[in-house]
Amino acid sequence: MLIVQHLTKSFGGAPVLRDLSFSCPEAGVLYVTGPSGCGKTTLLRCIAGLERPEGGTITGVPDRIAYCFQEDRLLPWRTALGNLEAVLGKARHAEALQWLARVGLEGAEEK
């Protein structure tokens, strides 16, 4: 179970998360919604270990987590196939080709 207790995070002295607490079951999908600037991305970055909160605790984070970034995360110096292999590993080359085909990019592996 993911447990966030009294999480606090600020940037430049401006609080983004203040005394945030909640828990989530081990299975399922978590949706975080709210207006722009309310701290959704900051929360996810703290859970993923990409940001360090000033206070509070986060426990029960699974060994493997995933979330979608708001902005593009492609490596512009790599090909379409190279970007997939950066995530999947070169040993899963065939699977990477299948993913390109699924999204209509068959034949564009080297672009």
Report the GluC sites (Glu not before Pro) located in the stretch 1-81 that are in a DSSP loop and have at most 15 other Cβ atoms inside 10 Å of their Cβ, or state none.
Glu26, Glu54, Glu71
Taking the Cα centre of each part, how many Å lie between the stretch 49-111 and the stretch 1-31?
24 Å
With all pairs of different alpha carbon atoms counted, what Kirkwood hydrodynamic radius in Å does the chain show?
16.6 Å
For the chain, the charge dipole (Cβ of Lys, Arg +1; Cβ of Asp, Glu -1; about the Cα centre) points to a positive end, and the Cα of Ser10, Ala96, Ala80 closest to that extreme belongs to Ser10
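Stick to Cα atoms and the Kirkwood definition of Rh, then tell me Rg/Rh for the stretch 54-111.
Working: Rg = 15.5 Å, Rh = 13.6 Å.
Rg divided by Rh gives 1.14.
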Checked against the positive end of the charge dipole of the stretch 1-102 (+1 on Cβ of Lys and Arg, -1 on Cβ of Asp and Glu, about the Cα centre), the farthest of Ala66, Leu30, Thr42 is Ala66
For Lys9, the lysines lying under 24 Å Cα to Cα, once residues fewer than eight places off in the same chain are dropped, come out as Lys40
If you place +1 on the Cβ of every Lys and Arg, -1 on the Cβ of every Asp and Glu, and leave all else neutral, what size is the dipole of the stretch 2-59 about its Cα centre, to the nearest 20 Debye?
140 debye
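What does the charge dipole of the chain about its Cα centre add up to, to the nearest 20 debye, if the Cβ of each Lys and Arg holds +1 and the Cβ of each Asp and Glu holds -1? Kindly include the intermediate steps, with their values, before the conclusion.
On the way: 12 positive and 12 negative charges, 30 e Å.
In debye, rounded to 20, the chain gives about 140.
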Per-selection metrics, the stretch 2-59 (Cα): Rg and Dmax in Å
11.1, 36
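Since every read-out is calculated from the coordinates, none of them should be taken as a lab result. Model, not experiment: these values are computed from the prediction. Every residue, glycine as well, gets a Cβ built from its backbone with ideal geometry; the counts of neighbours run over all protein chains shown.
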